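We did not get these values from a lab; they are worked out from the coordinates using the rules stated. What you see is a predicted model; the values in this text were computed from it and never measured. Note: ideal-geometry Cβ built from the backbone for every residue, glycine included; neighbour counts use all protein chains shown.
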Protein chains: 2
Amino acid sequence: MPTADMPPDLDSIRLASERLAPWIHRTPILTSRTLDSICGGSVVLKAENFQKVGAFKIRGAMNALLQLNDGEKSRGVVTHSSGNHAQALAYAGRSLGVPVCVVMPVNAPAIKKAATEGYGATVVPCEPTLAARESTVADLIARHNYTLIHPFDDWRVIEGQATAAWELLDQAGPLDVVIVPVGGGGLLAGTALTVRGRSPSTRVIGAEPKAADDARRSLASGRIEPSNDPKTVADGLRTSLGERTFSIIRDNVDEIVTATEPEILDAMRFVLERFKILIEPSAAVPVAPVFNGSLDVRGLKVGIIISGGNVDLEPWFKSLADRWI
Amino acid sequence: MPTADMPPDLDSIRLASERLAPWIHRTPILTSRTLDSICGGSVVLKAENFQKVGAFKIRGAMNALLQLNDGEKSRGVVTHSSGNHAQALAYAGRSLGVPVCVVMPVNAPAIKKAATEGYGATVVPCEPTLAARESTVADLIARHNYTLIHPFDDWRVIEGQATAAWELLDQAGPLDVVIVPVGGGGLLAGTALTVRGRSPSTRVIGAEPKAADDARRSLASGRIEPSNDPKTVADGLRTSLGERTFSIIRDNVDEIVTATEPEILDAMRFVLERFKILIEPSAAVPVAPVFNGSLDVRGLKVGIIISGGNVDLEPWFKSLADRWI
């Protein structure tokens, strides 16, 4: 179990995997002969879109809550997120009887707020600035003595996310390359710790939108280079790295690859059409370089973690309804 | 093995299941606690959207081709379809080295023609009328001595479609109700033969769009009552019953339920959002009455065959591209 500011080691990730097992799905791995023949490699998708709340984020959120002491549990937790972490923490809190408070910018989609509240969490609105978000969180902690569960820059969260790659290695056997999306870096840092520890010769690659390439720039310069309000369809990857995630990624990740917006949409559509599974744009980002050949994986066995499947289907179904109803 | 005009019996369906095994996927069954809590029953989806060519249709097409003699195989086969049967027969023909010719109306979507040709079939256009289609097929048979593989009104095809329910019963155990979509009736007739034979007390229900309710009307009147160019988003279910499918359905199906266009879209969206799988509108039709409660399944174990996942994603991705690229 990691102490306050120590990264998890392989033993603690294995323990986290056991700790989480009763609470989450062991998601399947999927393959496609078409994708293999396109890229010349052998690709395995770890389908975390089938995970509880539709995303890997339940791993980190649940792992953090399971390690709170009784006082922390009864006082409750707070986070800031308008994405999958918000719903994951809300779901985990409801499962464990821990009060959850989520600070969300006032311009977050109504559907995200409703989903989070649907899992029983309290949503506190704030102005859509970093300063407003931090002061709102700080104020809530001061008033209620909540425990902060950061969406990615928290060792318990990183340890939880690390269990997705743990399962992937168990299910897929030896891999030459593992590719995962990188936004705040929780999944990439966790994956790097697992893979570096269990299979040192496997390359670990992060994939991010070209329009939000802070991880690529940060690895190049050796310090955190945030993206400023990046515009990308991959809404889960607009966040920049944190201190903890950056430190792990800097030391353990081999490469960051990027995908343009058309490349992300092409990959997402390919996965929908050929695998017949619903994935969110962020999940298509690590598929894109394999699908379009910008990353050469010929002859290699490749694992990709499909981060989630929470997509706003409203525009599509509105057009279907306009046509048919 | 069925002779020219005898329906398959249980033994021949079992043999077909073994015959097909090397050529098709044994698709998984899927469940959702959310759906179960909504309908009060226990629902299992047989995910034929994960099948070869994205639909159960490969079962009937492959089963028919596997039973041709060498002369028939070398002369080739013909069918008329602009839907999943066209692609299924083309795929099966390519797998077995049997030439395939598909008569398709000139107004069929270009994407369907391209997909069928992509599997190596020859597409012959015809005017979009029943008379033109039949004369074109007859002409091709006269000239090339092709064997006709009808999309649904053929015992070999019905026998192949019957194997989906065979697997469902193997995978899900005893079921109180089985619900499948009905267009031309190949899947429903095959399902009825399998379920009636293996589990006589299980109710067999067909589901069709309210806007194309020829099966409901035909069962009520006791004779085939075709729909005339029905308009429904469930493009796989616009066809009316054939003589062979009607005779089986009349004697072996307990009930036909219908779904309106909004109900079909609601069910399709629910399956996408909660199961995270891509299903076509036709596949949502048997889900709709369970999801919206128009069919009472409280306390029952229900099997639904998800017929396919071939959806035109172009409108959705066009709107995504317009916004992000």
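Things to note:
- For B:Ala220 and B:Asp176, a Förster radius of 30 Å and the Cβ-Cβ distance give a FRET efficiency of 0.80, rounded to the nearest 0.05.
- Among B:Ser12, B:Ser221, B:Ser307: highest mean-square fluctuation, GNM of chain B, C-alpha pairs under 10 Å: B:Ser221
- Separation of alpha-carbon centers, segment A:159-189 and segment B:232-309, rounded to whole Å: 38 Å
- Label separation (A:Arg33 vs A:Leu148): 5.3 nm, computed from points 7 Å beyond Cα along the C-beta direction.
- Segment A:Arg75-A:Arg198, length gained on full extension (0.36 nm per residue, minus Cα span): 40.6 nm
- For the pair B:Arg298 and A:Ser247, a Förster radius of 35 Å applied to the C-beta separation gives a FRET efficiency near 0.05, rounded to the nearest 0.05.
- Global geometry of segment B:58-148, whether rounded, prolate or oblate, following the gyration tensor of its Cα atoms and the 1.5 cut on a/c: oblate
- Anisotropy class assigned to segment A:218-323 is oblate, per the alpha carbon gyration tensor with a/c at or over the 1.5 cut-off and a/b no larger than b/c.
- Label point distance in nm, B:Asp139-B:Asp5, each placed 7 Å from Cα along Cα→Cβ: 2.7 nm
- When the Gaussian network model of chain A links Cα atoms closer than 10 Å, the mean-square fluctuations of A:Arg33, A:Arg94, A:Arg238 top out at A:Arg33.
- Straight-distance crosslink candidates among aspartates and glutamates, where the alpha carbon sits under 18 Å from B:Lys52 and sequence neighbours closer than 8 are dropped: A:Asp36, A:Glu273, B:Glu18, B:Glu117, B:Glu159, B:Glu167, B:Glu280, B:Asp312
- Computed [θ] at 222 nm, helices only, for the protein assembly as shown once each DSSP H run of length n ≥ 4 contributes -39500 (n - 2.57): -13500 deg cm²/dmol
- Other copies of A:Ala132: label-to-label distances in nm, shortest first, labels 7 Å along the beta-carbon direction: 6.0
- Chain B: radius of gyration over Cα atoms, expressed as a fraction of 2.2 N^0.38 Å: 0.95
- Chain B residue with Cβ closest to the axis mapping B onto A, distance in whole Å: B:Trp316, 2
- Here segment A:94-112 is scanned for amide nitrogen atoms under 14 Å from the site 7 Å beyond the Cα of A:Thr129 along Cα-to-Cβ, giving A:106.
- Distance between segment A:198-231 and segment B:75-90 - C-alpha centres, whole angstrom: 48 Å
- Residues considered: A:Ala211, A:Ala142, A:Ala162. Largest GNM mean-square fluctuation over chain A, using C-alpha springs under 10 Å, is found at A:Ala142.
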